[in-house]
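What follows is a set of notes on a single structure, which appears directly below.
The values are calculated or read from the model by the stated rules, or taken from the named source; none is laboratory data. Not measured: the values here are computed from a predicted model. Cβ placement follows ideal geometry from the backbone for every residue including glycine, while neighbour counts extend to all protein chains displayed.
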Amino acid sequence: MYKAILVGANFQNNNLIDYYMEELQNLAEACDIEVLYSITQAIDKITPNLYIGSGKVKEIKGFANNLDADLVIFNNELSGSQIRNLEEAIGTRVIDRTLLILDIFASRAKTKEAMLQVEIAQLEYMLPRLAGLTPSLNRQQGGIGSKGPGEKKIELDRRKIETDRSKLKNELEEIVKARKVQRKNRIKSKIKRVAVVGYTNAGKSTLVNALIDFTNKDIDKKVYTKNMLFATLETSTRHIVLDSNKEFLITDTVGFVSNLPHHLVESFKSTLEEIGEADLLLHVVDSSHEFHEKQIEITRNTLLEIGVHDVPMIYIYNKADLLHKPIYPSHNPHIVLSLKDEIDVALLLQKIEAELYKEDFIASLLIPFTEGDLVSYFNENTKVINQEYTNDGTLVTLELSPILVSKYSKYIVKK
Ligand SMILES: Nc1nc2c(ncn2[C@@H]2O[C@H](COP(=O)(O)OP(=O)(O)OP(=O)(O)O)[C@@H](O)[C@H]2O)c(=O)[nH]1
Ligand SMILES: [Mg+2]
């Protein structure tokens, strides 16, 4: 287990530095790294060779010696030569936030697609830094960066890395193509789609599971949840059927974090495209987190970065059971709840249903007795409010989508 010192350069005395450093600590712990100490320095501009001032570097070396640290993690993204210079000056391995996040993703990836995406992002991170990576660093590989292309780094051969990268990209493209076909079929089926988005550890997977629990108790279908950063990397989609016979697909997605490495976002774009095609986004927020407003902003910006602008969104201020004082949500429409509370989950489902099916009509249809199958169809597939038998046929009052309204318009007697 690595024992690390965290370092953050703070430009123009940004008041969020404490938040970023706390997050960096969480990221390190998600990587099984023990954090011994955290240092920040206010700077106006980057010192080219060491990023921060040389006096501060000496101070870090002192802490590293005294505390017996074997790793220094920078909150800021470093160049290859900065890494090399810092390692020489401090005498430990030096990595940055980006590499740390890439490493967490590498250790969490389970599907072929996710593994390829992470590996491509890792190679793209490495390519511009090859010159700076010293041989000793490469021999020390193991632990951090050891997943994916880690071992291959011994050969530090740019050409080889570039070939690897394009091979992996081709492989990924094949998988993406296959998934696109699947997705097209789903779009054709016209079933409504909901995507769950939000900061990592906010409760996105818990939400999917709560809906599964509430609607069909099929625990085999549950997705993975855990109190750690980036528990979910792969998107997974589940089918929810409501009491009203209405249904939708719900997709759980990877969580966001501040300064999500650009290569990683690029690499995961194909997976995240599904978000933009959804009819509704559920933006889950850990309302018990001190900086949840900042986390909302980061999530919104990341969504913009992947090209999602105009999908309707409900803000779900989750973990209300952990709140010590009331909160005043600034985003609408919203709901404050605890996903651990079944009544709250029922209310949430109502809200989702109302939003997804807001265009539905209540209509009365007179179905001739000769078309009995149609009456059963409506009972199985729509929300029937009332049904009575008249001399001319069955009078069914029900909620209809605009599509069904036009399809069965000839039977409509009242709308
Ligand atoms: N107290 C409390 N804990 C909750 C609530 N909802 C979720 N959690 C916990 O929060 C932690 C994270 O939940 P997940 O559902 O895994 O979070 P996620 O957003 O999917 O996280 P990533 O996949 O890592 O991005 C778990 O330990 C959950 O049990 C809630 O309403 N109250
Ligand atoms: Mg999750």
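Here is a yes/no grid of residues against (1) in contact (Cβ under 8 Å) with a residue 24 or more places away in the chain; (2) in contact with a strand residue (DSSP E or B) (Cβ under 9 Å, 6 or more places away or on another chain); (3) under 18 Å from residue 193 (Cα atoms):
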| residue | (1), (2), (3) |
| --- | --- |
| 311 | yes, yes, yes |
| 314 | yes, yes, yes |
| 319 | yes, yes, no |
| 363 | yes, yes, no |
| 377 | no, no, no |
| 396 | yes, yes, no |
Within the bounds of region 290-306, is there any residue that is among the aromatic types (Phe, Trp, Tyr), in contact with a Phe, Trp or Tyr (Cβ under 8 Å, 6 or more places away or on another chain) and over 25 Å from residue 180 (Cβ atoms)? yes
Looking at region 198-228, which of the residues that are within 13 Å of ligand 1 (Cβ to nearest atom) and more than 17 Å from residue 283 (Cα to Cα) is surrounded by the fewest Cβ atoms within 10 Å (Cβ to Cβ)? 227
Testing residue 317 on (1) surrounded by 22 or more Cβ atoms within 10 Å (Cβ to Cβ); (2) of a type in the set (Ser, Thr, Tyr); (3) away from ligand 1 (no atom under 16 Å from the Cβ), one condition comes back false. Which one is that? (3)
Kindly indicate whether any position in region 152-162 is within 16 Å of ligand 1 (Cβ to nearest atom), modelled with pLDDT of 85 or more and outside the structural domain of residue 102 (by TED's automatic domain parsing). no
Residue count, region 1-56, condition among the acidic types (Asp, Glu) and either without any contact (Cβ under 8 Å) to a residue 24 or more places away in the chain or part of a strand (DSSP E or B) (or both), comes to 4
Suppose the filter is at pLDDT below 90 and assigned by TED's automatic domain parsing to the domain that holds residue 269; does residue 307 pass it? yes
Go through region 196-211 and give me each residue that's more than 9 Å from ligand 2 (Cβ to nearest atom) and out of contact with any strand residue (DSSP E or B) (no Cβ under 6 Å at 6 or more places or on another chain). 209, 210
Scan region 237-248 and tell me whether some residue there is charged (D, E, K, R), within 13 Å of ligand 1 (Cβ to nearest atom) and over 27 Å from residue 179 (Cα atoms). no
Take the conditions more than 26 Å from residue 177 (Cα to Cα), buried (at least 20 other Cβ atoms within 10 Å of the Cβ) and of a type outside the set (S, T, N, Q) and apply them to residue 255. Does it pass? no
Residue list for region 70-89, restricted to those being buried (at least 24 other Cβ atoms within 10 Å of the Cβ) and part of a helix (DSSP H, G or I): 86
Within region 213-235, of all residues that are free of Cβ contacts under 8 Å to residues at least 40 places away in the same chain and closer than 30 Å to residue 20 by Cβ, the one nearest to ligand 2 (Cβ to nearest atom) is 232
